[in-house]
Amino acid sequence: MSIHRLATRFGRNAHQISGREPLDNEALYRHVPSIFAREAHGSRSDRYVYVPTIDIVEGLRREGWFPFFAVQSCPRDGSRHGHAKHMLRLRRDEGMGKPEAAEVIIVNSHDGTSAYQMFAGMLRFVCTNSMIAGERFEEVRVPHKGNIQDDIIEGVYTVAEDFPRLIDASETMKDIQLSTDEQRLLGEVSLVARYGEDESPLRPDQIIQPRRREDIGSSLWTTFNVIQENVIKGGLHGRKQNAEGRMRRSRSRPINGIDQNVTLNRALWTLAEGMQRLKS
């Protein structure tokens, strides 16, 4: 029996569903209906080549890739709800039972807000952290024109070719030990990736603190995972200066937007790889 979990972590009204077993079409349709749109949004021109995401999912199932996670945003324009941006994470069934599993991440929309995008990713089962590989790994973008369906299937295998390198990178990070100062440094640059030029309400010491016993350790891999979870999930208490110059208590916000989630995940991976190169 499939076990599904519904949450709303990609925006106030956005819905996501994940399962310990592959998600079937009934579960996907119930929570992420834009995957099943049978035509493009009315705002698209005749030059817009449309392929329903569910057709791609079915094609990938035949190739042995199965969806375990899906999320859809809910735009303010209600007419776009059935065509809104969505993201799926697919992996092969043999990844179950292992500490991590390589994934293909697909982002798409049917209202012109996104091309098909594919990334290499990895799921860490102990905390269900879903990481997306950084700039040195393959990314495929397929515009809505030309022979899009074949390009997408081919793109999945282009991304999958990076899996050995992705797994090798994670194994190398597990063997690299960081000093406390190096952990803080990685936390500091990760806060810059999260908040940019804005003042961070958090200290580097906070985001390198693990949330569970399994994450206690000083390896680069463990530190990166702890930082990624703390930055993406939010909920940490901090302090921030208000317009009057007074310090007030605040709580870090989770990363809700699909685009921001992808961008920040890739940035954090790139920073971890940068530390890996410094330590090599």
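The values are calculated or read from the model by the stated rules, or taken from the named source; none is laboratory data. Every value quoted in this text rests on a predicted model; they were computed, and no experiment measured them. Cβ atoms come from the backbone with ideal geometry, glycine included; neighbour counts cover every protein chain shown. To get the accessible areas, we keep the full protein, side chains included, count just its heavy atoms, and leave off ligands, DNA and RNA. Shrake-Rupley method; radii C 1.70, N 1.55, O 1.52, S 1.80 Å.
The residues on offer are E39, E58, and the sole one that is modelled with pLDDT of 80 or more and of a type in the set (D, E) is E58. Each residue in the range 229-255 was checked for being open to solvent by 100 Å² or more (accessible area, probe 1.4 Å) and aliphatic (A, V, I, L, M), and 1 of them qualify.
Screening V226 on (1) under 25 Å from I106 (Cα atoms); (2) open to solvent by 40 Å² or more (accessible area, probe 1.4 Å); (3) without any contact (Cβ under 8 Å) to a residue 40 or more places away in the chain shows it passes everything except condition (2).
Every listed requirement among (1) open to solvent by 10 Å² or more (accessible area, probe 1.4 Å); (2) in a helix (DSSP H, G or I); (3) at pLDDT 70 or above is met by S34 save one, (1).
Which count do you get for residues in the range 97-150 that are open to solvent by 10 Å² or more (accessible area, probe 1.4 Å), modelled with pLDDT of 75 or more and outside any strand (DSSP E or B)? Count: 0.
Output the residue which, of all residues in the range 209-221 that are in contact (Cβ under 8 Å) with a residue 24 or more places away in the chain and surrounded by fewer than 23 Cβ atoms within 10 Å (Cβ to Cβ), is nearest to the chain's Cα centre (by Cα). Lay out the reasoning, then the answer.
Quick first cut of the range 209-221, residues in contact (Cβ under 8 Å) with a residue 24 or more places away in the chain only: 211-212, 214-215, 218-221.
Next cut, surrounded by fewer than 23 Cβ atoms within 10 Å (Cβ to Cβ) only: 211-212, 214-215, 218-219, 221.
On the way: R211: 19, R212: 21, E214: 22, D215: 20, S218: 24, S219: 22, W221: 17 Å.
Residue satisfying both the conditions and the ranking: W221.
Among the listed residues E199, E229, E214, E188, which satisfies the condition of being modelled with pLDDT of 95 or more and either out of contact with any strand residue (DSSP E or B) (no Cβ under 8 Å at 6 or more places or on another chain) or of a type in the set (D, E, K, R) (or both)? Only one candidate qualifies: E188.
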